[in-house]
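First up is the structure itself, then whatever we jot down about it.
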Amino acid sequence: MEEREFTAASFYRFLDRKKLMGSRCKQCGAIMVPPRPLCGQCIGDEMEWVQLSGQGKLVSYSVVRVGTTYYEAKGYSRDNPYCWGVVQLDEGPRISALLLGADLSRPDSIKIGQPVEAVFPDKGTEEGERNPVTFRFA
């Protein structure tokens, strides 16, 4: 793998190339997303890059009607809410993410355990802007 540093910048460079990557501890096998230079399980410092499938299931979510200024600037509001959730990837780690494709007029239609898959949006439109990891309901 050409990326060596386990940093947010490296993570976003991989997302720009439509790859969801994490760091895996060579000592205990734990996977970290976003990647970290130290293992959160055993504090090992021998990490390697691992490409993740982008498949997972929804473990928690919230329909957000009053969001951050970033999402308000993107057009989200009380009348146009967005869904934010926690996804457990098939490889094990959990990641928070913007969720697309749900019927937000019927939040009860969103089900815990529902399958989701990663979507790789285009790069941010402004200098320095980064898109978050995004998942779509399968």
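Computed over the stretch 29-113, relative contact order equals 28 percent, with contacts defined as Cα pairs under 8 Å that lie 6+ residues apart. Couplings 3J(HN,Hα) of the stretch 13-24, computed from phi: 4, 5, 4, 4, 9, 6, 10, 9, 10, x, 10, 10 Hz, in residue order, whole Hz [Karplus 6.51 cos²θ - 1.76 cosθ + 1.60, θ = phi - 60°; x for Gly and Pro].
Exposure here means at most 16 other Cβ atoms within 10 Å; with GluC sites (Glu not before Pro) in a DSSP loop as sites, the longest stretch of the chain lacking them is 47-125.
Eigen-decomposition of the gyration tensor built on the alpha-carbon atoms of the stretch 4-73 gives equivalent ellipsoid semi-axes of 27, 15, 13 angstrom, largest listed first.
Counting only protein heavy atoms and a 1.4 Å probe, the stretch 1-91 has 57 square angstrom of accessible area per residue.
Stokes-Einstein, applied to the Kirkwood radius of the chain over Cα pairs at a viscosity of 1.306 mPa s and 10 °C, places its translational diffusion at 99 µm² s⁻¹.
Note on the chain: Lys pairs 8 or more places apart or on different chains, Cα atoms under 18 Å apart, count 4. Fully extending the segment from ALA8 to GLU117, taken as 0.36 nm per residue of separation minus the present Cα-Cα distance, adds 37.1 nm. Of the solvent-accessible surface of the chain, computed with a 1.4 Å probe over protein heavy atoms with every protein chain present, carbon and sulfur atoms account for 47 percent. Rounded to the nearest whole Hz, the Karplus-based 3J(HN,Hα) values (6.51 cos²θ - 1.76 cosθ + 1.60, θ = phi - 60°) of the stretch 34-41 follow the sequence x, x, 9, x, 10, 6, x, 8, with x at glycine and proline. Shown in residue order for the stretch 88-95 are the 3J(HN,Hα) couplings computed by the Karplus curve 6.51 cos²θ - 1.76 cosθ + 1.60 at θ = phi - 60°: 9, 5, 4, 7, x, x, 10, 9 Hz (x for Gly and Pro).
The values are calculated or read from the model by the stated rules, or taken from the named source; none is laboratory data. Here the structure is a predicted model, which is why all the values come from computation and not from measurement. Cβ coordinates were reconstructed from backbone atoms using ideal geometry, including for glycine residues, and neighbour counts include every protein chain displayed. All accessible areas refer to the heavy atoms of the entire protein, side chains included, with ligands and DNA or RNA removed. Shrake-Rupley method; radii C 1.70, N 1.55, O 1.52, S 1.80 Å.
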